[in-house]
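The values are calculated or read from the model by the stated rules, or taken from the named source; none is laboratory data. In this text, all values refer to a predicted model and were calculated from it rather than measured experimentally. Don't worry about glycine lacking a Cβ; one is built from the backbone with ideal geometry, like all the others, and counts go over all protein chains shown.
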Amino acid sequence: MSRTGSPAPPRGASPPRGASSLSAARRARELAEAVGGPAVDVLVVGLGATGAGAALDAAARGLTVAAVDAHDLAFGTSRWSSKLIHGGLRYLASAQFDVAHESAVERGLLMERTAPHLVHAEPFVLPLTPLVPRGQAALAWAGFRAGDALRLAARTARATLPAPRRLSAAEARHLAPAVRPEGLRGGLLSWDGKVTDDARLVTALARTAAAHGARVLTRVRALRLTGRGAVVRDELTGEEGEIRARTVVNASGVWAGRLVEGIRIRPSRGTHLVLRSERLGALPAGLHVPVPGETNRFVLVLPQGDGRVYVGLTDEPVEGDLPDVPAAPESDIGFLLDVLGCVLDTPVHRGDVVGAFAGLRPLLDSADTGRTSDISRRHAVVGRGDGVVTVVGGKLTTYRRMAQDAVDAAVTAGRLTAAPCRTARLPLVGAAPPRTLRALAAPRRLVRRYGTEAPAVQALATAHPHLAGPVLEGHPVTGAELVWALRHEGALDEDDLLDRRTRLGLVPDDRDRALPAVRRLLDGARDRPSPGPS
């Protein structure tokens, strides 16, 4: 029980039907309760993966929680990832063994316990072209074997992540038909975790937190933090007020230093290209493309299953003011196209790039490091003695451990009484064992996005046939998914729908073509009764 007397949810109990649903009405009600109301145990600022994870962690321990974000769920860095849930292989090369093991453990938890509907195994081929010397190939193979040892140490089942293996030239061509065949002597096949959509992972975290009693409040900007709460502004109305708290977790990522003095972040920009799938043809697997002149750096080709392919990513330092939505510079785009040109049978040109996105990594500043790619991906929890705890660094894969460490520190700082962390075994909204997911009466694509709620999304389309078709020709997102996002996932406007609940907005032309249909749905869908989440 928390200091305010809020009982923790019974272990193993499912939340009441509809308790996880986020909507405009719930936001307005809970914001009115939070501003000027009794102090909560924990106020979380930032609703990316780490902030939403911290809200869930604290609420699941029985603490009262409010979580705010100036924009939307997954508005910042969390939605700009490569969508990979890394097992820690890249950290072995720099002898960061603790970071590598932590990544492998967290990957296994997501794939087998907490989010198996959203995180699955993805195959990757490293084509052994003439530009990959045999020594580099041997080093990569040793790395893949070491990565499999990490899987074993993390106790992730072989059925979850298959073993790496060598490929003949014919097998490599079958799995990577876009690769230039001349001089191809084979390939290396490896597996890693991949999330269907990083923004959907954050949405699931926020909804699960809400199901455990957290108030999840988007469009609420923290103007000033103290150890006793924050002055906030409702970005929809302009009204200001105070949310009182016994302790505060600053999880605002690369912008953490705006709210807390003394936090030094060295941002790094990671850029991805968006291509149409037909431009590269069938891609049964992703690609690892070695960067010429680098021994342990790759560009990834990532098929998304929605008619698009992502190519990334860069690792470039960022100086000066930090924008809310970073732009992908032409220098990054040119670099990625050049690397692709080293291996593809038919080159990809600038005109083939239909979209691009960039995210800012919140790396800890260190005076003794050179390139941002050399900075450790370890996270840090920093307290300043007045009840404000800041969590920075890290990466998407380890959001849960970052959240756990931040809440541990907040419990200590606020002298709160709380249950132990439960999130390593707490399924997110929609999660179920693979056998249960396979048996659901819904399209596989919906199951990978909504898990056990997929039949309810499908039922919405069945009940309202005008919602059953795609919003945009050539893209699978349906009107029913947009209505579901408004009623249950906290979407408030067209940007939330296009840019985060779906990824239609990643391609500007697609965004423009989908906008009229989205606006029609917004006008007609908000107040209609709907079935609750399954």
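A few remarks follow.
- From the list 205, 201, 161, 126, the lone residue that is among the aliphatic types (A, V, I, L, M), buried (at least 24 other Cβ atoms within 10 Å of the Cβ), farther than 30 Å from residue 443 by Cβ and in contact with a Phe, Trp or Tyr (Cβ under 9 Å, 6 or more places away or on another chain) is 126.
- Residue within segment 210-221 that is of a type in the set (A, V, I, L, M, F, W, C), modelled with pLDDT of 95 or more and within 16 Å of residue 400 (Cβ to Cβ) present: yes
- Residue under evaluation residue 337, criteria (1) buried (at least 18 other Cβ atoms within 10 Å of the Cβ); (2) in contact with a strand residue (DSSP E or B) (Cβ under 6 Å, 6 or more places away or on another chain); (3) more than 30 Å from residue 406 (Cβ to Cβ), criterion not met: (2)
- One residue alone among 72, 57, 41 is modelled with pLDDT of 95 or more and under 28 Å from residue 310 (Cβ atoms), and that residue is 72.
- Selection within segment 145-169 - under 19 Å from residue 188 (Cα atoms), free of Cβ contacts under 8 Å to residues at least 12 places away in the same chain and not charged (D, E, K, R): 149
- Qualifying strands (runs of 3 or more DSSP E) (wholly inside segment 176-270; at least 3 residues being farther than 30 Å from residue 115 by Cα): 220-226, 229-234, 240-250
For every residue, the table says whether it meets (1) in the same structural domain as residue 54 (by TED's automatic domain parsing); (2) under 24 Å from residue 485 (Cα atoms); (3) in contact with a His (Cβ under 9 Å, 6 or more places away or on another chain).
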position: 203; (1), (2), (3): yes, yes, no
position: 206; (1), (2), (3): yes, yes, no
position: 212; (1), (2), (3): yes, yes, no
position: 219; (1), (2), (3): yes, yes, yes
position: 225; (1), (2), (3): yes, no, no
position: 244; (1), (2), (3): yes, no, no
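- Hey, residue 447 among the aliphatic types (A, V, I, L, M), touching a residue at least 60 places away in the same chain (Cβ under 8 Å), in contact with a helix residue (DSSP H, G or I) (Cβ under 6 Å, 6 or more places away or on another chain) and outside the structural domain of residue 57 (by TED's automatic domain parsing) or not: yes
- Being buried (at least 21 other Cβ atoms within 10 Å of the Cβ), among the β-branched types (Val, Ile, Thr) and closer than 28 Å to residue 511 by Cα is true of residue 271.
- Unique match (being surrounded by fewer than 23 Cβ atoms within 10 Å (Cβ to Cβ), in contact with a helix residue (DSSP H, G or I) (Cβ under 8 Å, 6 or more places away or on another chain) and either modelled with pLDDT under 95 or over 13 Å from residue 22 (Cβ atoms) (or both)) among 480, 517: 517
- Close pairs from segment 473-484: first more than 15 Å from residue 515 (Cα to Cα) and among the aromatic types (Phe, Trp, Tyr), partner surrounded by 23 or more Cβ atoms within 10 Å (Cβ to Cβ) and modelled with pLDDT of 95 or more, Cβ under 6 Å, at least 6 apart: 484/457
- Each residue in segment 274-309 was checked for being under 23 Å from residue 140 (Cβ atoms) and either crowded, with 20+ Cβ neighbours inside 10 Å or touching a residue at least 24 places away in the same chain (Cβ under 8 Å) (or both), and 21 of them qualify.
- Among the residues here, residue 455 does not qualify as modelled with pLDDT of 95 or more, in the same structural domain as residue 250 (by TED's automatic domain parsing) and over 21 Å from the mean Cα position of the chain (by Cα).
- Contact map, segment 178-207: first residue closer than 29 Å to residue 400 by Cα, second residue among the acidic types (Asp, Glu) and surrounded by 21 or more Cβ atoms within 10 Å (Cβ to Cβ), Cβ cut-off under 8 Å, separation 6 or more or different chains; pairs are 203/489; 207/489.
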